[in-house]
Amino acid sequence: MNANRFLTVTGSALLAAGALAAGHAFAALPGCTAGALSALNVPSVTVTSAADVAATATAPEYCHVLGSVASPSGNPNGDGFSFDLPAGWNGRFLMGGGGGFTGSTNGPNVSALSQGYAVASTDTGHTVGNATFAITAPHVRAEGAVIDYFYLAMHNVTVAGKQMTREFYKSPSIKYSYFQGCSTGGRQALMEARRYPEDFDGIIAGDAFSTHHLVLEQLKGELALLQPGAYIPASLAPAIDAAVYAECDAKDGVKDSLIQNPPACGFNPQTIVCGAPGVSPSACLSQAQADALKNYIRPITTGDGHQVIPGYPITDLGGGDGMQIWFLGLTVPVSGSEPWGSPFGPPFSWSFADQTLKYLVYEDPNYDTFNFGMSPDGRIDGRSLELWDKMTRAGNADDPEALQPFLRKGGKLLIYHGFSDGGLSPYRTIDLYKELADRAGGYRDLQRDARLFLVPGMHHCAGGPGPNVFDTLTPLQKWVENGVAPDAIPASHFTGTTVDRTMPLCKFPEQARYSGKGDVKNAANWSCPDHDRSLLHIGPNGAEAGLSAGEESDD
């Protein structure tokens with residue numbers, strides 16, 4: 001769930017950023033030394049370095065500050081930070097979310113710096129990019145480090161970052177504060193809204209790792225693929241995608257190699273089992289592989305049938321950043337307690353599930369993940385679920401009631417999720433938004449303060465065949481500061497450096513509609529019908545995944 005590589009900004013925003021940077025070459029920034037910044041006496045802050053970074057053709061001059069903040073959790077590492085303070089400050093503060101198990105700060109956010117934002121990020125209290133930070137020895141939990149990772153470090157560094165920003169610029173206040181994150185950064189975004197509603201005026205939560213139940217979904221998918229004869233090589237993904245598109249592409253009103261509403265699909269893996277009518281012997285699934293794909297789609301349930309979390313969409317599995325990297329890995333699995341060996345290692349989903357079980361749940365580096373009480377079809381025993389929840393619930397951010405204080409104070413929450421995300425299913429995000437709408441009295445009331453944008457054809461935070469490059473910070477700023485809520489967000493798809501498709505991302509539950517005239521790859525020929533409820537329609541694949549139906553009207 002590495003979100004650091006998944007910043008989504010429009011090509012035009014990048015060009016504008018470059019133009020702004022090129023036009024603002026500043027002299028050396030006063031006060032950009034470790035000594036001068038330490039002398040600001042921001043409580044609990046240790047500054048380890050400060051560098052005046054010269055302006056380039058694509059970025060402005062800024063002061064790059066590294067250090068740490070002592071944590072109230074007692075974490076001896078403290079919470080590492082990176083503060084980037086531009087020469088031309090616009091009075092605003094932006095906190096950036098991390099990715100995976102974090103362990104490092106973010107690189108420079110050139111787009112935000114070019115707009116004048118002071119930008120911060122944190123390593124969340126440790127410096128390793130895996131879950132080993134969670135214990136100091138077998139069965140000895142590093143409690144402070146776990147608390148910092150789950151939620152505290154982000155708040156701790158936000159408080160320190162705001163104060164250092166004010167002191168550095170000798171300003172009595174910050175005009176507006178924003179948060180932007182995807183994947184783990186999306187969870188951090190929702191966690192900030194949940195636990196610290198006063199930290200930010202506006203929050204962007206992308207492809208959120210909102211609950212650790214999503215890791216259970218990842219484990220279920222891997223267990224399904226590890227059954228005898230069930231492993232699906234990446235070479236078969238294009239054949240599966242072609243069959244899905246043949247069934248689903250035209251259901252949104254136009255056959256254009258993009259599926260607007262994956263839950264409305266009705267693809268049956270059984271139709272491409274070897275020997276089925278019209279199926280090529282070189283592009284077919286064995287019965288075991290088809291069964292694995294069905295289990296990949298389905299939700300996790302308890303033994304008595306209670307749903308824990310919905311499953312996955314079936315769309316756009318191919319591509320190196322899709323299902324392949326998350327579930328198939330770069331080598332065929334082998335037998336043994338650790339099924340993926342060198343030199344490539346496991347796919348992301350196995351890695352996250354395996355490390356979560358070893359270090360956050362059982363606190364035992366030698367724990368065998370195959371012993372966990374869940375079947376390949378997603379049935380989990382009560383004792384295993386109870387332990388999982390006990391050890392991970394403090395890191396969950398998907399409580400709709402806990403988000404109410406942020407929304408009641410007028411904070412703005414912009415959520416987005418790739419509709420073909422093969423790492424963290426968008427279906428939990430959809431269910432969370434529906435739960436928020438229930439509490440608000442309907443979608444129109446909720447949309448005053450929270451809006452969801454689903455991105456057709458996008459994989460996890462980026463990638464995929466859909467329009468996966470877009471700017472969320474500018475529309476959020478207009479919403480917070482000018483009261484102009486985003487009804488649609490322009491998005492583009494690039495092949496190399498060339499834009500080959502544009503279209504609007506519509507606010508849920510509206511579905512983008514083609515006008516019937518002109519190039520389907522041109523956004524000018526698409527619209528977001530006001531008060532449309534098409535994305536609430538659940539077809540066979542959505543039902544199989546356990547996605548809940550929503551009210552199609554809140555009039």
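The values are calculated or read from the model by the stated rules, or taken from the named source; none is laboratory data. Please read these numbers as outputs of a predicted model, since none were measured by experiment. Glycine also receives a Cβ, built like all others from the backbone with ideal geometry; neighbour counts cover every protein chain displayed.
Identify all residues within region 101-115 that are in contact with a Ser or Thr (Cβ under 7 Å, 6 or more places away or on another chain), buried (at least 21 other Cβ atoms within 10 Å of the Cβ) and not polar (S, T, N, Q); write none if there are none.
Residue satisfying the conditions is 110 alone.
What's the number of the condition residue 55 fails, among (1) surrounded by fewer than 22 Cβ atoms within 10 Å (Cβ to Cβ); (2) under 30 Å from the mean Cα position of the chain (by Cα); (3) not in a strand (DSSP E or B)?
Status for residue 55: all satisfied but (2).
What's the number of the condition residue 428 fails, among (1) under 17 Å from residue 193 (Cα atoms); (2) among the basic types (Lys, Arg); (3) touching a residue at least 40 places away in the same chain (Cβ under 8 Å)?
So residue 428 meets the others, but not (1).
Quick one: would you say residue 100 is out of contact with any strand residue (DSSP E or B) (no Cβ under 9 Å at 6 or more places or on another chain) and more than 21 Å from residue 49 (Cα to Cα)?
Answer is yes for this residue.
Please go through region 405-434 and pick out each residue that is more than 24 Å from residue 474 (Cα to Cα) and of a type in the set (S, T, N, Q).
420, 425
When both residues are 6+ apart or on different chains and their Cβ atoms are under 8 Å apart, which pairs have a first residue that lies in region 84-106 and is within 20 Å of residue 28 (Cβ to Cβ), and a second that is in a loop (DSSP other than H, G, I, E, B) and of a type in the set (A, V, I, L, M)?
Close Cβ pairs satisfying both conditions: 85/29; 87/29; 87/55.
Counting only residues that are surrounded by fewer than 19 Cβ atoms within 10 Å (Cβ to Cβ) and of a type in the set (Asp, Glu), how many does region 248-284 have?
The number of residues fulfilling the criteria is 2.
Conditions tested, residue by residue: (1) part of a loop (DSSP other than H, G, I, E, B); (2) under 20 Å from residue 182 (Cα atoms); (3) acidic (Asp, Glu).
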{"site": "376", "(1), (2), (3)": "yes, no, no"}
{"site": "384", "(1), (2), (3)": "no, no, no"}
{"site": "389", "(1), (2), (3)": "no, no, yes"}
{"site": "394", "(1), (2), (3)": "no, yes, no"}
{"site": "399", "(1), (2), (3)": "yes, yes, yes"}
{"site": "423", "(1), (2), (3)": "yes, yes, no"}
{"site": "461", "(1), (2), (3)": "yes, yes, no"}
{"site": "466", "(1), (2), (3)": "yes, yes, no"}
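Residues that are surrounded by fewer than 24 Cβ atoms within 10 Å (Cβ to Cβ): list the strands (runs of 3 or more DSSP E) wholly contained in region 116-203 that include at least 2 such residues.
Fully inside region 116-203 and qualifying: 135-137, 176-182.
Could you give every pair whose Cβ atoms fall below 6 Å, whose first residue belongs to region 273-297 and is closer than 24 Å to residue 545 by Cβ, and whose second residue is of a type in the set (Gly, Ala, Ser) and in a loop (DSSP other than H, G, I, E, B), counting only separations of at least 6 or pairs across chains?
286/229; 288/229; 288/230; 289/230; 292/230; 297/311; 297/545
Scan 331, 315 and give me the residue that is at pLDDT 95 or above, part of a loop (DSSP other than H, G, I, E, B) and on the phi < 0 side of the Ramachandran plot.
Only one candidate passes the filter, namely 315.
Which one of these does residue 475 not meet: (1) assigned to a loop (DSSP other than H, G, I, E, B); (2) in contact (Cβ under 8 Å) with a residue 12 or more places away in the chain; (3) out of contact with any Lys or Arg (no Cβ under 6 Å at 6 or more places or on another chain)?
All conditions pass for residue 475, except number (1).
Here is a yes/no grid of residues against (1) farther than 16 Å from residue 254 by Cα; (2) among the basic types (Lys, Arg):
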| site | (1), (2) |
| --- | --- |
| 444 | yes, yes |
| 453 | yes, no |
| 460 | yes, no |
| 469 | yes, no |
| 488 | yes, no |
| 516 | no, no |
| 527 | no, no |
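Does region 499-513 contain at least one residue that is among the β-branched types (Val, Ile, Thr), crowded, with 17+ Cβ neighbours inside 10 Å, touching a residue at least 12 places away in the same chain (Cβ under 8 Å) and closer than 23 Å to residue 244 by Cα? Can you show your working first?
Taking region 499-513 and keeping what is among the β-branched types (Val, Ile, Thr), we get 499, 502.
From what's left, crowded, with 17+ Cβ neighbours inside 10 Å: 502.
Add one more test, that the residue is touching a residue at least 12 places away in the same chain (Cβ under 8 Å), and what stays is 502.
Now narrow it down to the ones that are closer than 23 Å to residue 244 by Cα: 502.
Checked region 499-513: at least one residue is among the β-branched types (Val, Ile, Thr), crowded, with 17+ Cβ neighbours inside 10 Å, touching a residue at least 12 places away in the same chain (Cβ under 8 Å) and closer than 23 Å to residue 244 by Cα.
Scanning for something aliphatic (A, V, I, L, M) and crowded, with 23+ Cβ neighbours inside 10 Å, does region 519-534 turn up at least one residue?
no
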